[in-house]
Ligand SMILES: NC(=O)c1ccc[n+]([C@@H]2O[C@H](COP(=O)([O-])OP(=O)(O)OC[C@H]3O[C@@H](n4cnc5c(N)ncnc54)[C@H](O)[C@@H]3O)[C@@H](O)[C@H]2O)c1
């Protein structure tokens with residue numbers, strides 16, 4: 001079985017490569033050009049992860065390719081003819097997108113179109129999984145009635161006691177340019193499913209995290225927060241009293257879900273995929289858990305202005321994904337995930 005994956009040197013890409021190569025014995029074709037280092041500078045460099053894959057996985061082939069290069073993308077997919085395509089390459093930061101609007105849209109929207117059309121021409125029956133984001137909902141989740149607790153915000157409206165579901169509106173709210181380019185990609189992926197009957201799936205991620213993230217201030221909050229703690233550097237909290245809530249999912253559980261989808265693919269599906277309420281935490285709560293593992297106090301400053309369009313409280317309603325794939329569940333708790341991130345940064349240092 002052959003898997004083609006874009007963004008293979010990134011957090012989700014590399015986890016998927018390991019999972020499918022080691023656990024399932026796939027031949028893996030990874031596409032990445034270390035664009036993360038261009039977006040975020042040396043701190044975002046993912047070459048170390050690419051080298052780890054090339055060293056440790058026997059059936060891994062790296063393709064140095066920019067997904068914006070339409071002709072080369074079409075040529076590669078037609079040559080490999082993969083049994084499964086997973087698309088994780090992206091410009092992933094909403095704040096960064098405003099500084100590089102063309103690069104953001106060309107990567108997230110046009111790059112996704114390139115992948116879809118290449119797949120339609122070469123292997124329309126191969127399942128196609130796309131990493132989308134909860135930012136497709138824009139800042140509309142902030143209109144839900146909230147209650148303020150001691151260390152976090154939570155939903156006061158009982159309609160959201162399980163979190164945000166897939167039928168939540170993506171329309172008429174502020175998305176950031178990143179959210180807008182990801183909406184375009186999300187709709188394209190659904191359309192290739194509905195219009196061409198291809199087995200496509202959008203995974204609208206909450207906070208995807210894990211030990212192999214190259215976290216930076218603008219993307220990968222938990223990885224970056226742990227790094228700041230270990231290096232005794234100041235972490236900047238932007239607004240909402242530090243009580244903003246994110247639901248965190250370990251990249252291994254994302255990879256496990258993707259394998260479940262491949263086992264029983266569906267057409268034009270959309271799932272919210274985060275850690276759900278049980279794996280949610282506020283920034284203040286993340287500080288406490290991290291301090292428990294490192295023994296170091298977290299230094300931070302408070303900036304009294306939230307990031308534009310940032311969610312005050314977001315956790316995924318996991319009922320749809322679990323009902324379609326009852327064999328899948330979250331296996332990595334928030335505490336265990338943070339413990340692994342602490343250990344990984346210590347080793348990389
Ligand atoms: N990490 C999160 O919290 C999160 C949350 C929601 C959604 N997502 C989505 O999940 C996906 C994966 O996220 P991640 O955290 O693994 O990101 P990441 O930045 O760790 O990995 C993405 C990889 O794609 C590569 N890449 C970027 N542009 C490229 C291009 N033009 N051509 C080839 N390669 C390119 C980068 O070099 C990087 O290695 C993205 O689509 C992201 O929007 C992530």
Check your understanding: Among 163, 206, which is touching a helix residue (DSSP H, G or I) at 6+ places or on another chain (Cβ under 7 Å), within 20 Å of residue 289 (Cα to Cα) and modelled with pLDDT of 95 or more?
Key -> 206
Practice item. Among residues belonging to the stretch 95-104 that are touching a residue at least 12 places away in the same chain (Cβ under 8 Å) and surrounded by fewer than 24 Cβ atoms within 10 Å (Cβ to Cβ), point out the one that is nearest to the ligand (Cβ to nearest atom). Key: 103
Exercise for review: Restricting attention to the stretch 324-338, report how many residues are outside any loop (DSSP other than H, G, I, E, B) and either out of contact with any helix residue (DSSP H, G or I) (no Cβ under 8 Å at 6 or more places or on another chain) or crowded, with 19+ Cβ neighbours inside 10 Å (or both).
Suggested key: 5
Review point. Which residue out of 186, 247 is more than 21 Å from residue 91 (Cβ to Cβ) and within 11 Å of the ligand (Cβ to nearest atom)?
Key: 247
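Here's the yes/no breakdown for (1) within 24 Å of residue 154 (Cα to Cα); (2) out of contact with any helix residue (DSSP H, G or I) (no Cβ under 8 Å at 6 or more places or on another chain); (3) outside any strand (DSSP E or B); (4) without any contact (Cβ under 8 Å) to a residue 12 or more places away in the chain:
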{"residue": "252", "(1), (2), (3), (4)": "no, no, yes, no"}
{"residue": "261", "(1), (2), (3), (4)": "no, yes, yes, no"}
{"residue": "289", "(1), (2), (3), (4)": "yes, no, yes, no"}
{"residue": "301", "(1), (2), (3), (4)": "yes, yes, no, no"}
Check your understanding: If you go through the stretch 217-237 one residue at a time, how many are within 19 Å of residue 134 (Cα to Cα) and either modelled with pLDDT of 95 or more or crowded, with 21+ Cβ neighbours inside 10 Å (or both)?
Key -> 4
Practice item. Evaluate the following for residue 125: is it assigned to a loop (DSSP other than H, G, I, E, B), free of Cβ contacts under 8 Å to residues at least 40 places away in the same chain and either over 19 Å from residue 17 (Cβ atoms) or within 15 Å of the ligand (Cβ to nearest atom) (or both)? Key: no
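The values are calculated or read from the model by the stated rules, or taken from the named source; none is laboratory data. Note that the coordinates shown come from a computational prediction; the quantities given were computed from them, not determined experimentally. Neighbour counts run over all protein chains shown; Cβ positions are idealised from the backbone, glycine included.
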